[in-house]
Amino acid sequence: MNERSDPLSSDLASLRIQRDENPDRPRPLRWVLVVLLLVGAAVAGYVFGLPYVEAKVFKTPVAFSEISLVSPAEASTELTATGYVMPLVVTHVGVKVQGRVAKVFVKEGELVKAGQVLFQLEDLDQRTALGTSEARVQAARARAELARANAEEFRTQLERAKKLADRGAGTTSAAEDLTLRVRALGESARVAEAEARVAATEREQTEVALRNTIIRAPISGKVLNKPPEVGELVGPISGAVAGVSVDVADFTSLVMEVDVPEGRLHLVRVGAPCEIALDAFPDRRLRGAVKEVTPRVNRSKATVTVRVSFVDPPEGVLPDMAGRVGFLSKALDEKAVREKPKLVLPGNAVTERAGQKVVFTVDASADDQVRMVPVKLGAPFGSGFELVEGPPAGTKVVRDPPETLREGNPVKEKSE
């Protein structure tokens, strides 16, 4: 049995798989291929993936520019300054007496004429005091008139007494008594007349107080603020009650007040032509002229305030509107004024994506993400192009956008 099994065991042993005697021995070719694949993947990820990750996760540093609205008068502009519309003639109409508002005759923004009633205070107290003062005047005048009449009566009696005394029909003492009586009545009349004058003065003061309950516009113009409401308690600014005023401005005296750097003040000449562009009316320009240069320098800002008057009627212009003034070397004619300003896009903000001209605008409300906006360009204008179709004026755009910049990438302004 054992002899038969030995040959079988030998045959089975011959069928076993032969393994390496040293399984830990490395295979150089396989490991070289693995290393090369890993290195290639890392290089590809760095080259192609890192810019994408940086653009999505980190803000790309870029330079910014802006789409501007350029006037045709830009070529003759020597200096540009910003400022606000201000009326040179403005008055703050307040009250002189404390009282409660009874009637209001105007509203905010309404045109008024000089002398027109703005509002009225309750005047019952003043009218009652006026009646009392008038009664005092009449009473004092009546007393004075009575005293003069009595004095005249006793003066007549005195004349008779003197005649009787001269004839011996009367006594001298009676005439002397009448003389003293006439003198006393004369003094009483003078005192009553003085009291009448005092009462008349008090009446005039009461009349003034009554007139002060009616608040009138001292100048013609437009009401700038909301008048007090009916029933509101008002008083002088220095009184116990908070002061109230109605602001009236003469819109024919509107000017632009701009701050000019001290170092460029030599470019400003009184009477020189200007162009006024208001932020409220971006498509409208007005002619102006330098009215005056204020005689003080703001040391903190190193600027001087310059006032520019409107040559063209300032229709729709309101106080405190912001705007820009261009100081020109020559005056504009009406044709040049009517010519619309042009939208100018900086040339270095234009790039191509998929064969189309685009710009990257910056959306500050979305964490400074960029938006790729197609544009249609017109003729060249300086270092840029006239923008026929595209974003509006004032839009912030990316200057020299990198090739890796894509829609939605966050950006930040890089330091120059």
Query raised in the report: Looking at region 199-215, which of its residues are in a loop (DSSP other than H, G, I, E, B) and open to solvent by 30 Å² or more (accessible area, probe 1.4 Å)?
Result: ASN212
Report task. Filter region 48-93 down to residues that are closer than 30 Å to THR252 by Cα and part of a loop (DSSP other than H, G, I, E, B) and give me whichever is modelled with the lowest pLDDT. Result -> SER71
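Could you say whether any residue in region 164-183 is modelled with pLDDT of 75 or more, among the β-branched types (Val, Ile, Thr) and open to solvent by 80 Å² or more (accessible area, probe 1.4 Å)?
So in region 164-183, the residues modelled with pLDDT of 75 or more come out as 183.
After this cut, where a residue has to be among the β-branched types (Val, Ile, Thr) as well, the list is none.
Within region 164-183 (the criterion being modelled with pLDDT of 75 or more, among the β-branched types (Val, Ile, Thr) and open to solvent by 80 Å² or more (accessible area, probe 1.4 Å)), the answer is no, since none of the residues qualifies.
Matching residues to (1) within 14 Å of ILE67 (Cα to Cα); (2) acidic (Asp, Glu); (3) within 34 Å of the chain's Cα centre (by Cα):
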position: VAL350; (1), (2), (3): yes, no, no
position: LYS357; (1), (2), (3): no, no, no
position: ASP368; (1), (2), (3): no, yes, yes
position: MET372; (1), (2), (3): no, no, no
position: SER383; (1), (2), (3): yes, no, no
position: VAL388; (1), (2), (3): yes, no, yes
position: THR395; (1), (2), (3): yes, no, yes
position: PRO402; (1), (2), (3): no, no, no
position: LEU405; (1), (2), (3): no, no, no
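Please tell me if LEU130 is modelled with pLDDT of 75 or more, assigned to a helix (DSSP H, G or I), in contact with a helix residue (DSSP H, G or I) (Cβ under 9 Å, 6 or more places away or on another chain) and within 26 Å of GLY235 (Cα to Cα). Walk me through it before giving the result.
Values: modelled with pLDDT of 75 or more: yes; assigned to a helix (DSSP H, G or I): yes; in contact with a helix residue (DSSP H, G or I) (Cβ under 9 Å, 6 or more places away or on another chain): yes; within 26 Å of GLY235 (Cα to Cα): yes.
Yes.
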Requested in this report: Just one of (1) in contact (Cβ under 8 Å) with a residue 12 or more places away in the chain; (2) among the charged types (D, E, K, R); (3) assigned to a helix (DSSP H, G or I); (4) surrounded by fewer than 15 Cβ atoms within 10 Å (Cβ to Cβ) trips up ARG143, so point out which.
Outcome: (4)
Query - Only listed residue being farther than 11 Å from VAL350 by Cβ and assigned to a strand (DSSP E or B), chosen from GLY394, GLY378 - result: GLY378
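Here is a list: ALA272, ALA280. Which entry is open to solvent by 20 Å² or more (accessible area, probe 1.4 Å) and either in contact (Cβ under 8 Å) with a residue 24 or more places away in the chain or under 27 Å from ALA393 (Cα atoms) (or both)?
Values: ALA272 fails: open to solvent by 20 Å² or more (accessible area, probe 1.4 Å).
The match here is ALA280.
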Query - Unique match (being modelled with pLDDT of 90 or more and touching a Phe, Trp or Tyr at 6+ places or on another chain (Cβ under 9 Å)) among GLU292, GLU315, GLU275 - result: GLU275
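Out of curiosity, is THR294 out of contact with any Ser or Thr (no Cβ under 8 Å at 6 or more places or on another chain), open to solvent by less than 50 Å² (accessible area, probe 1.4 Å) and of a type outside the set (A, V, I, L, M)?
On the way: out of contact with any Ser or Thr (no Cβ under 8 Å at 6 or more places or on another chain): no; open to solvent by less than 50 Å² (accessible area, probe 1.4 Å): yes; of a type outside the set (A, V, I, L, M): yes.
Here the answer is no, as THR294 does not meet what is asked.
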Query raised in the report: Any chance region 251-264 includes a residue that's exposed (fewer than 15 other Cβ atoms within 10 Å of the Cβ), within 25 Å of the chain's Cα centre (by Cα) and farther than 20 Å from GLU78 by Cα?
Result: yes
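For region 94-116, name all the residues that are among the hydrophobic types (A, V, I, L, M, F, W, C), in a strand (DSSP E or B) and either open to solvent by 60 Å² or more (accessible area, probe 1.4 Å) or farther than 13 Å from LYS222 by Cβ (or both). Lay out the reasoning, then the answer.
Initially, region 94-116 is screened for residues among the hydrophobic types (A, V, I, L, M, F, W, C), giving 95, 97, 101-102, 104-106, 111-112, 114.
Then keep just the ones that are in a strand (DSSP E or B); that gives 101-102, 104, 111-112.
Within region 94-116, VAL101, ALA102, VAL104, LEU111 qualify.
The values are calculated or read from the model by the stated rules, or taken from the named source; none is laboratory data. Note that this is a predicted model, so its numbers are computed, not measured. Neighbour counts run over all protein chains shown; Cβ positions are idealised from the backbone, glycine included. Each accessible area value is taken on the protein alone, full model and side chains, heavy atoms only, with ligands, DNA and RNA left out. Shrake-Rupley method; radii C 1.70, N 1.55, O 1.52, S 1.80 Å.
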